[in-house]
Amino acid sequence: MEYIELWYFSPDSCHKASVTSRSTSDSDNAFGFAKVDGIVALKTIASFKASQKAIQDHDLSWQQFDLAKTSFLIHIKKGGWPEKHQQALAMFFMLITNHDHHMCP
């Protein structure tokens with residue numbers, strides 16, 4: 001449950017990750033260790049790198065923010081986050097998207 005920019009959950013980012021993972025997985029021979037369900041597994045090093053194209057949350061457009069937060073909420077549910085955390089974040093995002101500043105240019 002570490003912080004990650006919402007941009008990573010945007011359609012643009014998911015598409016770029018899909019394209020990148022296909023193009024780098026065949027050519028990368030460098031591996032690192034990752035812990036998955038209590039088991040140590042090998043993972044390509046490229047998958048550990050943060051994107052240089054990531055956009056900070058405060059620099060996202062409303063449309064990017066809205067799409068990314070919805071995807072984020074779906075992924076934390078799939079990830080098994082505690083229900084109270086999911087509800088708190090859903091309420092947080094609802095309050096942001098319905099705030100009066102949303103209507104400002």
Fill in: Only listed residue being among the acidic types (Asp, Glu) and without any contact (Cβ under 8 Å) to a residue 12 or more places away in the chain, chosen from Asp66, Asp59
Asp59
Worksheet entry | Elements of type helices (runs of 4 or more DSSP H) in the chain, at least 2 residues being of a type in the set (S, T, N, Q), touching a helix residue (DSSP H, G or I) at 6+ places or on another chain (Cβ under 9 Å) and at pLDDT below 80 | 11-25
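The values are calculated or read from the model by the stated rules, or taken from the named source; none is laboratory data. Keep in mind that what you see is a predicted model, and the values were worked out from it rather than measured. Note that we place each Cβ from the backbone using ideal geometry, even for glycine, and neighbour counts take in every protein chain shown.
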